[in-house]
Amino acid sequence: MLKIIEDNLIKLEARLQNAASACHRDRASFSLLAVSKTQAAEALRECYKLGQRHFGENYLQEALDKQVKLNDLSITWHFIGPIQSNKTRAIAENFDWVHSVDRVKIARRLSEQRPKAMPPIKLCLQVNLDAEESKSGVALNQIAELAEEITNLPGVQLRGLMAIPMKLDDPKAQQLSFNRLFKALESLQKTLPAQPLDTLSMGMSGDLEAAIAAGSTLVRVGTDIFGARRQ
Ligand SMILES: *Cc1c(COP(=O)(O)O)cnc(C)c1O
């Protein structure tokens, strides 16, 4: 398993480097989030041994189980799945980042439930870029209002935006979607100049080149690191 993950990570890193050079960006200007949903704790451990530190999980109970098994490692944990209100306490207590906030109620609960001894939990607002009914996320024209409500909450720190755009195969079309998220962050930075809005969480296995070209600071990759998901 180590060998497969190692080969995949080497290939992925080359791909990230190429994507960076293709748009004249520095590879250090964006990071890799390893999306480990459905993968066993041992797979994350192997990935960690190879230097990966940021892991993203979608399902709370599964993530908590892995966190117990991996508590000897200094992993930065990102929650990237849909959030029900009854899950906010465990998320507030066990994660460093949450990418999937799209309602003020969830942000308020995370803020209230964040243990006082921990730094504020870092948040991205999930944006429904293509107004797809099946997808969660705040609408583009409602980002500013939601963001303003969130900046007053002491237990959370708003850091940027996240999106999962409609699946498109043409990289040019993919990039147009990602450009819209880039512009949304730019405009939010103008609305809230005091806020450290430095994060654009966008790009997955199938569209990371387009996301990097459009200014992604954090690509979220699952399949191309761990292989197809176990279901
Ligand atoms: C599963 C998932 C990913 C990773 O997708 P891959 O296509 O496997 O790279 C990224 N972001 C989110 C929110 C996901 O749920």
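The values are calculated or read from the model by the stated rules, or taken from the named source; none is laboratory data. Everything numeric here is computed off the predicted structure, so don't read it as measured data. Here the Cβ is made from the backbone with ideal geometry for all residues, glycine too, and neighbour counts use every protein chain on show. Ligands, DNA and RNA are excluded from the accessible area calculation, which covers all protein heavy atoms including side chains. Shrake-Rupley method; radii C 1.70, N 1.55, O 1.52, S 1.80 Å.
Summing +1 for each Lys or Arg and -1 for each Asp or Glu among the other residues whose beta-carbon sits under 14 angstrom from that of GLU132 gives 0.
Near the amide H of GLN126, within less than 5 Å, lie the amide hydrogens of VAL101, ASP102, VAL138, MET162, all on another chain or at least 5 residues away, with H placed in the peptide plane.
Note on SER29 and GLN142: with the Förster distance fixed at 35 Å, the Cβ-Cβ geometry gives a FRET efficiency of about 0.75. Quick check on my link table: of LYS11/LYS69; LYS37/LYS167; LYS37/LYS183; LYS49/LYS172; LYS87/LYS135, which ones sit more than 31 Å apart, alpha carbon to alpha carbon? Checking Cα-Cα distances, LYS49/LYS172 exceed 31 Å. I'd like the distance between the alpha-carbon centres of segment 5-30 and segment 153-191, rounded to an integer number of Å. After rounding, the separation between the Cα centres reads 20 Å.
Hydropathy at least -0.5 by Kyte-Doolittle, axial extent at least 24 angstrom from the Cα trace: which helices of the chain, defined as entire DSSP H runs, fit? Walk me through the intermediate numbers first.
Values: long enough: 2-22 (30 Å, 0.09); 171-191 (30 Å, -0.63).
Long hydrophobic helices here: 2-22.
At 0.36 nm per residue, minus the direct Cα-Cα distance, what do ASN86 and LEU192 gain on full extension? Give it in nm, one decimal, please. Could the numbers behind the result be given before it?
Details: separation 106, 0.36 × 106 = 38.16 nm, distance 2.98 nm.
35.2 nm is the gain from fully extending ASN86 to LEU192.
Residues whose amide H lies under 5 Å from that of GLY203, counting only those 5 or more places away or on a different chain, are ARG220; hydrogens are built 1.01 Å from N in the peptide plane. Computed from phi, the 3J(HN,Hα) profile of segment 218-227 under the Karplus parametrisation 6.51, -1.76, 1.60 (θ = phi - 60°) reads 8, 9, 10, 10, x, 3, 6, 9, 9, x Hz, with x in place of Gly and Pro.
Couplings 3J(HN,Hα) for segment 53-59, derived from phi with the Karplus relation 6.51 cos²θ - 1.76 cosθ + 1.60 (θ = phi - 60°), are 10, 9, 10, x, 10, 9, 10 Hz, where x marks Gly and Pro.
With protein chains left intact and a 1.4 Å probe, residues in the chain average 48 Å² of accessible area per residue. Using the Karplus relation 6.51 cos²θ - 1.76 cosθ + 1.60 with θ = phi - 60°, the per-residue 3J(HN,Hα) values for segment 84-93 come to 8, 4, 6, 9, 5, 4, 5, 5, 4, 8 Hz, with x marking Gly and Pro. Here the accessible area is traced with a 1.4 Å probe on the protein chains. For the chain, carbon and sulfur cover 52 percent of it. Sorting the segments 122-135, 179-192 by their residues' average number of neighbouring beta-carbon atoms within 10 angstrom, most packed first, yields 122-135, 179-192. Take the Cα of MET118, step 7 Å toward its Cβ, do the same at ASN71, and the gap between the two points is 1.3 nm.
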